[in-house]
Amino acid sequence: MKREEIRICVMRVGGTNCDSETKRAFSDLGVRTETIHLNRLIKKEELFDYTALVFPGGFSYGDYVRAGAIWAKSAQTKLHKDLMGFVEEGRPILGICNGFQVLVEAGLLPGFEGVSEYPEAALATNVPIGYRCNWVYMKHENSGRCLFTQKIQKGRVLRMPVAHAEGRFLFSKEKEDRYLKELYDNDQIVFRYCYENGEHANGGYLANPNGAFHDIAGICNPEGTIFGLMPHPERACYGWQLPDWTKEEMMMESGDGRLIFESMIEYLSKKP
């Protein structure tokens, strides 16, 4: 598939606030990217006009009930047939921050046995409680299953910002051990919070900004076609976005976040 034939849908609803940055990250890679409101997708039934779907960050519907819950339920009920078809065809779906919360609430992740009727995990209130907006390190743990990180060497440490109040990934206590084993068996763990030297955070507040179980910052489904992460790659695409760019003798051309978008587009470019 030629790059100019790839069409990316960045969905938005009331409260999303990262759609423009996400659109730019894709557009700069030479693919056609559009920001489309959920209501338009519902009325015009045009989801299958797009090659890939992105749920960007923000605070959809004010994050009432739970972060991402209303957006997830709206997409589930009003786009159910098309969304399920999208999943079944293996078209890429990316969820960033609020989008990750949507994918979990909608049962698209972790997706151990396909799309689940009820959430199998949660992205709960940060511990300690509070909004986090800072740069973090995370280690790439995937062995190749996730199509969104195929350009990233396993074990590499990346730096991106977080901006959330409900980012603590967790399972119910009685299922923690079983579900964690499934994540590893299926190569579904993509990123874990860590220190700059690559040492896992082990729940340490300075490296794990929300208290996430097993330091989980991002996971994919068993097929590797659906990916959600809490850090914001669209805010770490360009050298001028990096917090210490003024200290560099020469500003870096790009940030680590760009690798995620490049991986996704390179994967699509190789498809017939």
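The values are calculated or read from the model by the stated rules, or taken from the named source; none is laboratory data. None of these values were measured; they are calculated from a predicted model. Cβ sites come from the backbone with ideal geometry, for glycine too, and all protein chains shown count toward neighbours.
Is one or more of the residues making up the stretch 125-144 more than 15 Å from PHE191 (Cβ to Cβ), in contact with a helix residue (DSSP H, G or I) (Cβ under 9 Å, 6 or more places away or on another chain), touching a residue at least 12 places away in the same chain (Cβ under 8 Å) and not basic (Lys, Arg)?
Initial filter on the stretch 125-144 (more than 15 Å from PHE191 (Cβ to Cβ)): 125-134.
Cutting the leftovers down to in contact with a helix residue (DSSP H, G or I) (Cβ under 9 Å, 6 or more places away or on another chain) gives us none.
Looking for residues that are more than 15 Å from PHE191 (Cβ to Cβ), in contact with a helix residue (DSSP H, G or I) (Cβ under 9 Å, 6 or more places away or on another chain), touching a residue at least 12 places away in the same chain (Cβ under 8 Å) and not basic (Lys, Arg), one finds none in the stretch 125-144, hence no.
Table: residues versus (1) under 23 Å from LEU180 (Cα atoms); (2) touching a residue at least 60 places away in the same chain (Cβ under 8 Å).
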| position | (1), (2) |
| --- | --- |
| VAL65 | no, no |
| PRO92 | no, yes |
| GLY95 | yes, yes |
| ASN98 | yes, yes |
Residue set TYR193, TYR131; condition among the aromatic types (Phe, Trp, Tyr), surrounded by 15 or more Cβ atoms within 10 Å (Cβ to Cβ) and touching a His at 6+ places or on another chain (Cβ under 8 Å); output residue TYR193
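Does ASN202 satisfy the condition of being surrounded by fewer than 21 Cβ atoms within 10 Å (Cβ to Cβ) and polar (S, T, N, Q)?
In short, yes.
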Condition test on GLY167, is it farther than 19 Å from TYR137 by Cα and of a type in the set (Gly, Ala, Ser)?
no
How many residues of the stretch 160-212 are within 21 Å of ARG145 (Cβ to Cβ), in contact with a Pro (Cβ under 7 Å, 6 or more places away or on another chain) and aliphatic (A, V, I, L, M)? The answer is 2
The condition of being in contact (Cβ under 8 Å) with a residue 24 or more places away in the chain and buried (at least 20 other Cβ atoms within 10 Å of the Cβ) holds, among LEU41, LEU29, only for LEU41
Given the conditions (1) touching a Ser or Thr at 6+ places or on another chain (Cβ under 9 Å); (2) farther than 26 Å from GLU166 by Cα; (3) hydroxyl-bearing (Ser, Thr, Tyr), every one holds for THR16 apart from (2)
- Does SER263 qualify as being surrounded by fewer than 21 Cβ atoms within 10 Å (Cβ to Cβ), closer than 20 Å to ALA25 by Cβ and touching a residue at least 24 places away in the same chain (Cβ under 8 Å)? yes
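Determine which member of the set ASN210, ASN197, ASN221 is polar (S, T, N, Q) and under 25 Å from VAL87 (Cβ atoms). Working first, answer last.
Working: ASN210 fails: under 25 Å from VAL87 (Cβ atoms); ASN197 fails: under 25 Å from VAL87 (Cβ atoms).
Just one listed residue meets the conditions, ASN221.
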- request: Report yes if ALA67 is modelled with pLDDT of 95 or more and farther than 22 Å from MET1 by Cβ, otherwise no.
  value: yes
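Which is surrounded by 22 or more Cβ atoms within 10 Å (Cβ to Cβ) and modelled with pLDDT of 95 or more, of THR35, THR22?
Values: THR35 fails: surrounded by 22 or more Cβ atoms within 10 Å (Cβ to Cβ).
Matching residue, one of THR35, THR22: THR22.
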Scanning the stretch 74-92 for residues that are out of contact with any helix residue (DSSP H, G or I) (no Cβ under 7 Å at 6 or more places or on another chain) and hydrophobic (A, V, I, L, M, F, W, C), the one surrounded by the most Cβ atoms within 10 Å (Cβ to Cβ) turns out to be VAL87
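Checking the conditions here, which among GLU234, GLU223, GLU266 is out of contact with any strand residue (DSSP E or B) (no Cβ under 8 Å at 6 or more places or on another chain), modelled with pLDDT of 95 or more and either more than 27 Å from LEU109 (Cβ to Cβ) or assigned to a helix (DSSP H, G or I) (or both)?
GLU266
Filtering the stretch 170-188 down to residues that are assigned to a helix (DSSP H, G or I) and hydroxyl-bearing (Ser, Thr, Tyr), which residue is surrounded by the fewest Cβ atoms within 10 Å (Cβ to Cβ)?
Of the residues in the stretch 170-188, the ones assigned to a helix (DSSP H, G or I) are 173-185.
Within this subset, residues satisfying the condition of being hydroxyl-bearing (Ser, Thr, Tyr) are 179, 184.
Working: TYR179: 20, TYR184: 13.
Filtering first and then ranking leaves TYR184.
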Those residues of the stretch 135-169 that are surrounded by 19 or more Cβ atoms within 10 Å (Cβ to Cβ) and in a strand (DSSP E or B) come to a total of 13
